[in-house]
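Asker: Submitted below is the structure of interest, expressed as structure tokens.
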Amino acid sequence: MERKRLYWLGQLLGLAVLLGSPVRGLAQAPAAAPVEGPMLTQPAVLGMLALLLVIVVGGVLVLVSRVAALVRGSQAPSHEVVGGRFDETVTNLTPAQLAAIVARQQAQEFHLSGTELGGAAPVRDAHGVVQHVDLEVHAPWFHEKRRVAPFADLDPRLTQLVAAYLLCAAFWLVLGTAVGWYVGVKFVRPDVDHLAALSFGRLRPVHTNMVFWGWSSLAMLGLGHFVVPRTNNVPLYSLRWGWWALGLINASVLLGSLCLMNGLNNGGGEYREYIWPVMLLFAVGVGLSFGNFYQTVARRTTEEFYISNWYILGATVWGIVLTVIGYLPWYQNGMGETIIQGYYMHMGVGMWFMTFTLGLMYYFLPMSLNKPIYSYSLGVLAFWTQLLFYTMIGTHHFIFSPLPWWLQTVAIVFSVGMVIPVLAGTINFLMTFRGGRKRVGDSYSLPFLLMGVLFYFTGSFQGSLQALRYTNLVWHFTDFNVAHSHITMYGIIAFMLWGCIYTLAPRLRGREPRQGLVGVHFWCALLGLLAYAGALMVGGTLKGQSWLAGEPFIQSVVLMAPYWLWRAIGGTLMLLAHVVFFYNLVDMLLLGQAPAPVAEPTPAFAPQADEILESV
């Protein structure tokens, strides 16, 4: 009797879930009609528009900060303002401080010989007669950036290893983007060639796998080989393992690309088109990296286990698990393959790329701002909730499919649960930025990191909103998903990695990037992404509505033509940004050489006087 009562209670609960869903029906039944009413009245759609507004506002704020910094640098303060500040300061000086000011004033009688600022030695002005040093004398429209000092205690062998990872990653980025750009051109001119190896079906996976495993993975691992020993205050466990991992992953990307262009692939599984022997090379490379990181952490001399290590070690473990499960032979058929495909796609993005990159952010963002991370506890909360929620959301790619309805609902619920780690991480990063507005305009790396944080918030929330049944019904299988994938993998991962690289690379070899070219890289990448993603989101929405209205399929193809043109334009800007980035990286890592530290005596009054004059 009790079992029967529980049975009917379960049936009533199941019926309540079905009746409460935005779209009702069994998994095998045809999709029901969308919720009545205009699309712009749907909460998920309004939320998506609000998220896009965040990105636009963020870009405007970065632009305003740049212009304001330029204006501040080009305008000298009036004599009245300077005099007023000076008088106010002098009235509060102690006799010793006033004597320092008088000594500095007497030093103005000194005349420069013309050679004080010559050579490669650091700029030094012991007599207080230089008010401004402009290193870009032929580019007066660029606001001077803060220069960084190279690391004096870094093992040159580790520098070579990290530089090799970053240069290989940048090479695959340029090549992979060139392939993606050519694929985008095919949407505008589909008859541009008639070669099987250059067909859309073969080049598209070449592009995605090359930028996934070649660019993003190598860039993350290269930065990880620096962060892990640095945060644990010990040398890297094995430089040889690092070189082996680099060689294996490069071989995997090269062989996988050649196989795909010749029609040898693993089937239709997205992002796992490489055949298993090729992907095995990648898995072994990641395994070597994990062993290297783990042994380094195990030998640490610090009591604290810095949070970056949580993310980096966790990501490498999950990367290995992801690769193995995605290629197990008994998961390659039937509906089980569909479930594993959803798991593989989202574990790859969320538990490998996202988790590793967030770990890098927890190191390089405080380094760029010269201040500690806002909250260690928020970082730990984001880490464990990421593990809890992200691993269960892959099935939201298959809403209204023959998969069990309860499994689809679980994916939706856990997709909404991703709000917790995203909010924790975003708040942590933005609160670390607090008070550093001026630093953003004075830095090469902080604009990239700031936009990466904003894309992290908007892209992740966008994924949660897309998982809802109504939005999934309209947007899934359209170009909207292509836009979303670029917002996440490009807007989040690439921008964060660029920010980390621009933070580290000048410190490795002591050579700053060319200021104007860094600006070209940033704005071409940002505007290209906005043009690309914005066009595909609008076009994808129209395409989904066309399908729901029952219009002929060819009509949805015709209406996408202008949006595919903007896709190609945005892709061209992104490709240009990547070429400039590659040049910047080569310039910093191959042409730079860290100068020897110069120790010069400083007059006893200089620190006091410098503090006083800086406050004035």
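Asker: Would you check which residues across segment 295-313 are open to solvent by 40 Å² or more (accessible area, probe 1.4 Å) and either assigned to a loop (DSSP other than H, G, I, E, B) or within 14 Å of Leu221 (Cβ to Cβ) (or both) and list them?
Answerer: Once the filter is applied, which keeps residues that are open to solvent by 40 Å² or more (accessible area, probe 1.4 Å) and either assigned to a loop (DSSP other than H, G, I, E, B) or within 14 Å of Leu221 (Cβ to Cβ) (or both), segment 295-313 yields Arg299, Arg300, Thr301, Thr302, Glu303, Glu304, Phe305, Tyr306.
Asker: Does Leu254 meet the test of being in contact with a Leu (Cβ under 9 Å, 6 or more places away or on another chain) and at pLDDT 95 or above?
Answerer: no
Asker: Kindly indicate whether Leu504 is under 26 Å from Ser217 (Cβ atoms) and touching a helix residue (DSSP H, G or I) at 6+ places or on another chain (Cβ under 9 Å).
Answerer: So Leu504 fits the description; yes.
Asker: Would you confirm, using the coordinates I've provided, whether Leu236 is assigned to a helix (DSSP H, G or I) and at pLDDT 95 or above?
Answerer: no
Asker: Criterion first (open to solvent by less than 20 Å² (accessible area, probe 1.4 Å), of a type in the set (S, T, N, Q) and at pLDDT below 95) does Thr316 satisfy it?
Answerer: The answer is no for Thr316.
Asker: For segment 265-284, state whether one or more residues are assigned to a loop (DSSP other than H, G, I, E, B) and open to solvent by 60 Å² or more (accessible area, probe 1.4 Å).
Answerer: Yes, because at least one residue in segment 265-284 is assigned to a loop (DSSP other than H, G, I, E, B) and open to solvent by 60 Å² or more (accessible area, probe 1.4 Å).
Asker: While we're looking at this one, here's another question. Can you list the helices (runs of 4 or more DSSP H) lying wholly within segment 493-591 that have 2 or more residues being without any contact (Cβ under 8 Å) to a residue 60 or more places away in the chain and hydroxyl-bearing (Ser, Thr, Tyr)?
Answerer: It comes to 515-548.
Asker: Of the residues in segment 169-203, how many are of a type in the set (A, V, I, L, M, F, W, C), open to solvent by less than 40 Å² (accessible area, probe 1.4 Å) and touching a Gly at 6+ places or on another chain (Cβ under 9 Å)?
Answerer: Residues in segment 169-203 being of a type in the set (A, V, I, L, M, F, W, C), open to solvent by less than 40 Å² (accessible area, probe 1.4 Å) and touching a Gly at 6+ places or on another chain (Cβ under 9 Å): 7 in total.
Asker: Then there is this: Checking Met351 against (1) open to solvent by 10 Å² or more (accessible area, probe 1.4 Å); (2) in contact with a Gly (Cβ under 9 Å, 6 or more places away or on another chain); (3) free of Cβ contacts under 8 Å to residues at least 60 places away in the same chain, which single condition isn't satisfied?
Answerer: Going through (1) open to solvent by 10 Å² or more (accessible area, probe 1.4 Å); (2) in contact with a Gly (Cβ under 9 Å, 6 or more places away or on another chain); (3) free of Cβ contacts under 8 Å to residues at least 60 places away in the same chain one by one, Met351 breaks only (1).
Asker: Please give the number of the condition Val440 fails out of (1) crowded, with 24+ Cβ neighbours inside 10 Å; (2) more than 22 Å from Arg567 (Cα to Cα); (3) β-branched (Val, Ile, Thr).
Answerer: Condition (1) is where Val440 drops out.
Asker: Next up: For residues in segment 520-568 being within 22 Å of the chain's Cα centre (by Cα) and farther than 15 Å from Val482 by Cα, which is most open to solvent (accessible area, probe 1.4 Å)?
Answerer: Among those residues, the one meeting the criterion is Leu527.
Asker: Taking Phe461, is it among the aromatic types (Phe, Trp, Tyr), touching a residue at least 12 places away in the same chain (Cβ under 8 Å), under 24 Å from Phe353 (Cα atoms) and surrounded by 22 or more Cβ atoms within 10 Å (Cβ to Cβ)?
Answerer: So Phe461 does not fit the description; no.
Asker: Examine segment 330-344 for a residue that is more than 23 Å from Thr478 (Cα to Cα), touching a residue at least 60 places away in the same chain (Cβ under 8 Å), over 21 Å from the mean Cα position of the chain (by Cα) and not in a helix (DSSP H, G or I), and state whether such a residue exists.
Answerer: So far as segment 330-344 goes, yes, one or more of its residues are more than 23 Å from Thr478 (Cα to Cα), touching a residue at least 60 places away in the same chain (Cβ under 8 Å), over 21 Å from the mean Cα position of the chain (by Cα) and not in a helix (DSSP H, G or I).
The values are calculated or read from the model by the stated rules, or taken from the named source; none is laboratory data. A quick note: this is a predicted structure, and the numbers were derived from the prediction, not measured. Neighbour counts run over all protein chains shown; Cβ positions are idealised from the backbone, glycine included. The area values use the complete protein model at the heavy-atom level, side chains included, leaving out ligands, DNA and RNA. Shrake-Rupley method; radii C 1.70, N 1.55, O 1.52, S 1.80 Å.
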